[in-house]
Amino acid sequence: MVFSGGDTLPENEQEPGAAASSKNDTASSKPFVISTWKHGMAANAGAWEVLSAGGDALDAVERGVRITEADLTNRSVGLGGRPDRDGRVTLDASVMDHDSRCGSVAFLQHIKHPVSVARAVMEHTPHVMLAGEGAYRFALNRGFERVDFEVPLPEVRAVYEKWLDKGEYRPEANIENHDTIGMLAIDSRGRIGGACTTSGMAYKMHGRIGDSPVIGSGLFIDGDVGGATATGVGEAIMRVSGSSAVVELMRAGATPNEACKAIVQRILRKHPEAEGLQVGFIAVDTEGRYGGYSLLNGFNYAFTAEGRNELVESGYKLSWE
Ligand code: SD4
């Protein structure tokens, strides 16, 4: 299938890992949940408790990614994350539901569960996005507590201080397989919910905000079509409004795998120099199909449904090792 504007959908391509799935996307009975990277397995288990009890997709994804946010061994999500180049850990997160309601926080410090603050922005303000000091004050007003431990964690600070010796900024692909978590769930009523949460790119400029809290870039859901969420270098994802682009291709007839692949290819077209540039998308549609695709190898996503719990190696465009 070829769309105008240069996005060729991948039916005849035979890249490693991609071949099996582009024509026949895997479909699942509902409910189910998928999330980015290996840490998604633990997060999915939390989401599944909600979904298997007949709960709501948005409740499920919030419950799920909170597990990752609370895991202080994770260096890309929550307050165990790597700091910016000024030594501050600043968090970005978003949520979106089946009815296009959404909320996000960006550049938020000292709060353990940014995803829940994002949900509070959606539910308790007339706005979609709050950033920085305003997001922090809003969180305190809603009863979230400032954490009482040292951030960055001492072991994370030690690595950062070593980094300062050279101070070179270079986005790293697939940092030890723990990265931003994006999660999409379809509940037993067929409603879709999504969440995305991250500490962002390590050693970013102070004040930098990535794709994860930007609705349409790090996360997008349209209940008529499906949903998508992203991981990887946020700047590349934002340049094409990645997640909404995936959803719009699905609206035009692409399967989740095809749509993720086409947008990865679009990103590559806009970035001929792709060294170190990892981006990955996962997507679901209202028919219960799901898929994922990344620019570089090494990306995987966790899938959980009744009687199934697996880590799926994503198709990819380029090998980096
Ligand atoms: C960002 N997309 O802030 C996030 C980072 C990420 O692995 O996915 N990190 O750009």
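With in contact (Cβ under 8 Å) with a residue 24 or more places away in the chain, of a type outside the set (Lys, Arg) and out of contact with any Lys or Arg (no Cβ under 7 Å at 6 or more places or on another chain) as the only criterion, which of GLY298, GLY315, GLY288, GLY307 stands out?
GLY298
Scan segment 123-141 and give yes if some residue there is on the phi < 0 side of the Ramachandran plot and within 18 Å of the chain's Cα centre (by Cα), otherwise no. Within segment 123-141, one or more residues are on the phi < 0 side of the Ramachandran plot and within 18 Å of the chain's Cα centre (by Cα). Sub-7 Å Cβ pairs linking a first residue in segment 124-144 that is farther than 12 Å from HIS110 by Cβ to a second residue that is hydroxyl-bearing (Ser, Thr, Tyr), at least 6 apart or interchain, are VAL128/SER104; MET129/SER104, ordered by first then second residue. Of the strands (runs of 3 or more DSSP E) lying entirely inside segment 189-283, those containing at least 3 residues that are surrounded by 24 or more Cβ atoms within 10 Å (Cβ to Cβ) and within 14 Å of the ligand (Cβ to nearest atom) span 192-198, 226-232.
The selection criterion, being among the hydroxyl-bearing types (Ser, Thr, Tyr), modelled with pLDDT of 95 or more, under 28 Å from THR286 (Cβ atoms) and assigned to a strand (DSSP E or B), does not hold for SER100.
Within segment 113-137, the set of residues being of a type in the set (Lys, Arg) and crowded, with 22+ Cβ neighbours inside 10 Å comprises just one member, ARG119. Return yes when ILE67 is within 30 Å of ARG289 (Cα to Cα), among the aliphatic types (A, V, I, L, M) and part of a strand (DSSP E or B) and no when it is not. For ILE67, the condition - within 30 Å of ARG289 (Cα to Cα), among the aliphatic types (A, V, I, L, M) and part of a strand (DSSP E or B) - is not met.
Within the bounds of segment 141-150, is there any residue that is part of a strand (DSSP E or B), over 26 Å from ALA53 (Cβ atoms) and more than 16 Å from the ligand (Cβ to nearest atom)? Yes, there is a match, as at least one residue in segment 141-150 is part of a strand (DSSP E or B), over 26 Å from ALA53 (Cβ atoms) and more than 16 Å from the ligand (Cβ to nearest atom).
The values are calculated or read from the model by the stated rules, or taken from the named source; none is laboratory data. All values derive from a computational prediction rather than experimental measurement. We place every Cβ from the backbone using ideal geometry, glycine too, and count neighbours over all the protein chains shown.
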